[in-house]
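Throughout, read-outs are computed from the coordinates displayed, never taken from laboratory work. Keep in mind that this is a model prediction, so the values were computed, not measured. Don't worry about glycine lacking a Cβ; one is built from the backbone with ideal geometry, like all the others, and counts go over all protein chains shown.
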C-alpha cells in the first residue's frame, strides 16, 4: 500500500518552510532600523497631500499607465499573430506539417525566458533613455508569453469541427477561423485581461529601475526616506490597481459567464458589439497615449553602437557561478514555498471571522502593489542582506497574486461539501480545508507551479537589492559596463528559466491529469 | 435592450469625441512624424548630473545652472534628470546628454565609451577630494589613526553610497582592500548600496547600518545643516585626497552649436564668481568658491584604481 497526501494537505505542505525560517530569522535580524520602519508605517496614515507632490505623482502615474497600456496592447496583437503562427493545428490544416509551428515555438522561448527588467536595462544601453524603451521592454517578453498561451489554447481545442468543415469543402483559413475563432475567444479575453494587470505591475517595476513614471518617483522618495511622499504614490497606485482589477473582473463576468436566471435574454450579438466598441476605443486611446508619452516609433530604429565587447572570457569563467546560480535557485525556492504555502494557511486562519478577511485582502493587495525591490529595501533596514531577505520580498509580492487567485477560485467553487461538513459538526476551518480547498487544491497547485516559474524569472528583481544570486552580479557588471559578463549572465539566466519552465510544465500536466 | 446598446454606443462615442481634448495641441499623427525633425533642428544643450544627492537638491541646483549657461551662451539649455550613475554614463554615450557633471569613476567610464569627450572644468575642491568612513555610535567603532584600522569594520553592517560612486565606493573600497577587508567580510556577506550619500548618512545614523563610506563634502554639509547628529553618527577616518567631480562635454558640440562653442562654454563655467548673485547661488549649491580648469591626465590614477576594483574594464 502506498501512502499519499490528500490534496488539501499538499496545498499546506510548502508552508512548512516557515519552521526553518523562524529559526533563521532571529540570527538575521539586527533591528537597527526599526525606528525607520515605524516612520514608514505611520506615514501610511499621513501621506503627503501637497500640490507639488500630488502633481508629480499624478504625472508619474499617467506615464506608468500609458506605458502599461501601450505595451499591453502591442504585445497582445503581436502575441495573437505569433500564437496563431506557432499553433500546430493551424500549420497542419494549412500545409499538412506541424514542423514550422515547433520551430517558431522554440524561437519564441528565448524572448520569453528573459525578464522584462533585463530587456529594459539592455534596451536602455542600445537606444538611450526614451519612453519607447519601457514599452518595448514590456512588449518583447509579453508578446512571446501571449503567443505561447494562445498556441496552447488553440492546440488544446478539438479539431473535429475543422476537419468537418474541410471535408465539406471549405478552404483551410475559413474553416480554421469559423471552427476555432469563437472557441478561442473566452481564453483570449480572460488571459488578455490578466496580462493588463501584469503590465501595470511591470511598468511600475521598470520605473523603479529608472525607466520613468511612478516607479521612478517611488524609488527616489524611498531613497531619500521621504515616506509621506512615498505613501502618496503607493495609495494612488493601489486605487488604480484595485479599480483595474475590479473593472476587468466585471468585464470578464459580463462577457464570459453564461446568463443564468436572466429574465431578459440579451439580444444576439450584443457581446460582440460591446467588444468591438471597446476595441475601437482602445485604438485612438493608444495613439493618444503614445503621443502623450513622446514615444517615437522611428526612434526604435536608431540604435547606438555598443562599446566594443571585451573578450576577457577567463575572468567571466572565474566569476563565482555555483554561488550565483545557487543563490538564485535558493531564493526562488524559498519565495515559492512561502507564497504557495502561506496563501491557504492565512485563508484558513482567517476563515472563522468575517472581520479578518478584509485586512487579509488589503495585505494581499499591498503585496501585489509594492514592487519587490522596494519591499527588499525596507527589509534591509532590519534584516541582513541575503537569500532570506530577498525571498521574503519576492514571496510577499507573489503571496498577493496567489492569495487573490485562491480567494476567487474558492469563492467560485461549489460550497456543497463545505456545508455538508459544517452541518455534520466540523469546525469552520476544517470544513473549509476539506470542503472548498480540497476542490480547488489541484488547479491551485497547477497555477502555483506556473507561478514558481514566474518567480524564477522575477528573482533577478530582488537579487539586485538583496545582494544575492545572478541579479546582484548583473547590476555590478552593468555599472562596470562589462559586456562579456553581462552576456554570460543573461545566457545563464535564460537557460535556467527555460529549464524551470519545462519542469513547471511537466509538474502542472501531472497535477491536472491525475485530478 | 436596445436602450442599453444605444447608451453604450453614446457613451463610447462621447468619450471618443472628448479624447482629443485631452491631447496637447496638434493632431497625434502629424506631430508624431514632425517630432524627430524638430529635435534635429532646434539646438538644445541638454545637461545632466550623476544623482549623488537628494533629488530635491539636484532639482533646485541644475535648473539654475541651465539658466545661467543659457544666459551666457545664448542657446536653450535643459536639465535632464537621470535615476542612477550608470544611466548617466549610458545617456552620455548614446548622445542623450551633452554636458554632464560626473564623478571621477563615471567620468572615466564615459570617456572610455565616448572617445574625444572633453573634460571642461572641476571645482576648486575637486583637485583633492576626500571620503570619510562614518559609524553609528552604538556600533562600538572608534576613530582610527591609519588605514590598517579599517580592519575593525570586518563583521559590521556596512554600506557604500552608490555602486559607481568615486567617493562613496571606489576610493573607500580601495582603502578597505589595503586594510585587508574584502566585501564578503561584512555582515550578511555583502555591503549595502543606498543610492546616494545623504541616504547612506541617514541609514548609518538610524542604525540600519553600523558603518558606511561617503563623500567628505556631503558629510560636512550634513553636519552643518544639522541633519547628521554627532551623538548618533561619527567620523572614524578620512582618506587621503584624490581628484573627483568634473564637467564632461560631448566631442561634437562645436559641430552642432557652431565653432568655438566648447571653448565658450568652458570660459563661461570658469567665469562664475560669488560676487554675482545668480552665480553665487549656483556655487553655494555646488559647495565651491569657483570652478577651475581640469585636465584628463589627472584622472589616470582613478582609472587604475577602477581597473583594480573591476569597475573599469
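So here's what we get for this one:
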| item | result |
| --- | --- |
| Segments A:177-186, A:387-396 sorted - mean Cβ within 10 Å per residue, highest first | A:387-396, A:177-186 |
| Two-decimal Rg/Rh across segment B:67-178, once Rg and the Kirkwood Rh are taken from alpha-carbon atoms | 1.08 |
| Two-decimal Rg to Rh for segment A:55-124 - Kirkwood Rh, Cα set | 1.18 |
| Cβ-derived FRET efficiency at R0 41 Å, residue A:10 paired with residue A:99, nearest 0.05 | 0.60 |
| Taking N as its residue count, the alpha carbon Rg of segment B:131-238 over 2.2 N^0.38 Å | 0.92 |
| Cα-based Rg and Dmax for chain B, where Dmax is the largest Cα-Cα distance (Å) | 24.0, 87 |
| Computed lengthening from residue B:124 to residue B:44, 0.36 nm per intervening residue step minus Cα-Cα distance | 26.0 nm |
| In degrees, nearest ten, helix B:104-113 long axis to first principal axis of chain B (Cα) | 50 |
| Packing-based ranking, highest mean first, of A:19-28, B:210-219, A:443-452 given that Cβ atoms within 10 Å are counted | B:210-219, A:443-452, A:19-28 |
| DSSP-defined beta bridges in the protein assembly as shown - what % are antiparallel, rounded to 5 | 65 |
| Residue A:29-residue B:255 FRET efficiency (beta carbon distance; Förster radius 45 Å; 0.05 resolution) | 0.20 |
| Share of Cα-Cα pairs in segment A:470-515 lying beyond 13 Å, as whole percent | 62 |
| For segment A:312-363, alpha-carbon Rg over 2.2 N^0.38 Å | 2.00 |
| Quotient of Cα Rg and 2.2 N^0.38 Å for segment A:115-173, N being how many residues it contains | 1.86 |
| Antiparallel DSSP beta bridges within segment B:131-238, as percent of all bridges there, nearest 5 | 70 |
| Stretch gain in nm, segment residue A:191-residue A:282, where the contour uses 0.36 nm per residue and the Cα spacing is subtracted | 31.0 nm |
| Inter-site label distance for residue B:59 and residue A:239 at 7 Å from Cα along Cβ, in nm | 1.9 |
| Cβ-based exposure ranking for A:67, A:127, in which fewest neighbours within 10 Å come first | A:127, A:67 |
| P(r) tail fraction, segment A:215-259 - alpha-carbon pairs more than 14 Å apart, % | 60 |
| Test item: B:84-96 mean partner chain Cβ contacts at 10 Å | 6 |
| Residues of segment B:293-309 with amide N under 18 Å of the 7 Å Cα→Cβ point at residue A:484 | B:306-309 |
| q = 0.18, 0.21, 0.27 Å⁻¹, segment B:79-139: log10 I(q)/I(0) [Debye, one scatterer per Cα] | -0.71, -0.87, -1.20 |
| Distance from segment B:146-212 to segment B:48-106 (C-alpha centre basis), Å | 27 |
| Between segment A:97-166 and segment A:36-60, the alpha-carbon center distance in angstrom | 38 |
| Residue A:450-residue A:157 pseudo-label distance in nm [points 7 Å out on the Cα-to-Cβ vector] | 1.8 |
| Global form of segment B:203-313, assessed from the alpha-carbon gyration tensor, a/c cut-off 1.5 | oblate |
| Helix axis angle, B:300-309 relative to chain B longest principal axis, alpha carbon, degrees | 90 |
| Residue mean of other protein chain beta carbons inside 10 Å, A:385-394 | 2 |
| Ranked by how many other beta carbons lie within 10 Å on average, peptides A:423-433, B:303-313 from highest | B:303-313, A:423-433 |
| Percent of beta bridges antiparallel (DSSP, chain B, rounded to nearest 5) | 65 |
| Volume per residue of the C-alpha convex hull in the protein assembly as shown, rounded to whole Å³ | 207 |
| Partner chain coverage, peptide A:123-129 - average Cβ within 10 angstrom | 5 |
